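Student: My structure is below; once you've seen it, I'll send some questions.
The values are calculated or read from the model by the stated rules, or taken from the named source; none is laboratory data. Source: prediction; values computed, not measured. Cβ placement follows ideal geometry from the backbone for every residue including glycine, while neighbour counts extend to all protein chains displayed.
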Amino acid sequence: MGIFDFLTGEFIDVIHWVDDTRDTMVWRFEREDHEIKYGAKLTVRESQAAVFIHEGQLADVFTPGLYMLETNNMPIMTTLQHWDHGFQSPFKSEIYFVNTSRFTDLKWGTKNPIMLRDPEFGPTRIRAFGTYSVRVADAAKFLTEIVGTDGEFTMDEISYQVRNIIVQSFSRIIAGAGIPVLDMAANTADLGKLVAAELSTVVAEYGLSIPEFYIENISLPPAVEEALDKRTSMGVAGDLGKFTQYSAAEAMTAAANNPNGGGGMGAGLGMGMGMAMAQQMQPQGPWGAMPAAAAPVAPVAPPPPPVEKVWHIDENGETKGPYSKAALGRMTIDGGLSRDTHVWTAGQDGWKKAGDVQELAQLFTILPPPPPGA
């Protein structure tokens, strides 16, 4: 091998990049001392761009194709190097391959609720999330504005910044659109186009574009959603009277099927609901439920009179009576009845002293006042 052949083999003569990842946006072609042989072959595949950086300056950008690195293919670098004619010596440059394909299925979402004024609900808050895709539209601008000297730049390094731009643009557009919250689901496509148009203007300064932007969902806070569900349920129920009867019947059925769950309280609840249903199901007049005064009322029978006890007394071994309690009261005044007098009444267990019977003991504590002049 001659010395010329040895020197020729020291420098790379084929330059290309095959990406085996799914998130690499920029990859720098590595070569010791960045020496590239004049006349080397540069292969730029579809969805790629090759950017030459020479002595810290952006020199040439190559689109897909096969190139022989000569003066006629590198006009900017030829001007920088003052190459007026061909040469055989290597030159030093950095080559960055830029992936210009779409990076899809990227997620975005609002970390905090967005405040807006809804025409129907007034001030409210919403959250939203969706997906988008991004691609490099201007390789030179993207390299100078974002990548810098990073030898391997991935989508993760810029996705956070893009998400912030998306949320800012979405918040501004959704707050000024004036679309009611209940109609946003039907207008997500139009909202997505508005947001995508504004995003394209902003990210174009970085050499990027947003070819796709989708709003998957717009949601309200849980408390508002719960109130909205109740309102929807009322609308679906229609006749609230029939709906109340149906709900009461369902509750009674559930209580009957779960006797151990609520005990007596469940039974009482069922009875209460049953009474409410009975009131709601009473005959209807031409203007609704029949008034209480017009409804037939069954007469209430009076309670039976109390049965007054009568007493027998023992007088010198003979049974006297029967006497009423009032008669026994008069006998205590006349001296015919004392605490030690034995008495008996139906249901009493044998004869007892009058003072030991609770109902008669009070007769001996009521004394008349002293007579006048005593």
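Student: Residue by residue through segment 125-167, note down the ones that are among the basic types (K, R) and under 22 Å from D19 (Cα atoms).
Tutor: Filtering segment 125-167 for residues among the basic types (K, R) gives 125, 127, 135, 141, 163.
Those that are among the basic types (K, R) and under 22 Å from D19 (Cα atoms): R135, K141.
Student: Being free of Cβ contacts under 8 Å to residues at least 40 places away in the same chain and within 16 Å of K353 (Cβ to Cβ) is the filter here; which residues of segment 301-312 pass it?
Tutor: H312
Student: Now for a separate question. Give just the number: which of (1) more than 19 Å from the chain's Cα centre (by Cα); (2) buried (at least 18 other Cβ atoms within 10 Å of the Cβ); (3) at pLDDT 90 or above does R102 not satisfy?
Tutor: Of everything listed in (1) more than 19 Å from the chain's Cα centre (by Cα); (2) buried (at least 18 other Cβ atoms within 10 Å of the Cβ); (3) at pLDDT 90 or above, R102 misses just condition (2).
Student: Sticking with this structure for a sec: Determine whether segment 191-212 contains at least one residue that is over 22 Å from A137 (Cα atoms) and without any contact (Cβ under 8 Å) to a residue 60 or more places away in the chain.
Tutor: Yes, some residue in segment 191-212 is over 22 Å from A137 (Cα atoms) and without any contact (Cβ under 8 Å) to a residue 60 or more places away in the chain.
Student: Identify all residues within segment 1-58 that are of a type in the set (K, R), part of a strand (DSSP E or B) and either at pLDDT 80 or above or touching a helix residue (DSSP H, G or I) at 6+ places or on another chain (Cβ under 6 Å) (or both); write none if there are none.
Tutor: R28, K41
Student: If I ask for residues that are touching a Ser or Thr at 6+ places or on another chain (Cβ under 9 Å) and either of a type in the set (F, W, Y) or over 21 Å from G347 (Cβ atoms) (or both), which ones from segment 303-334 would you list?
Tutor: W311, E315, M331, T332
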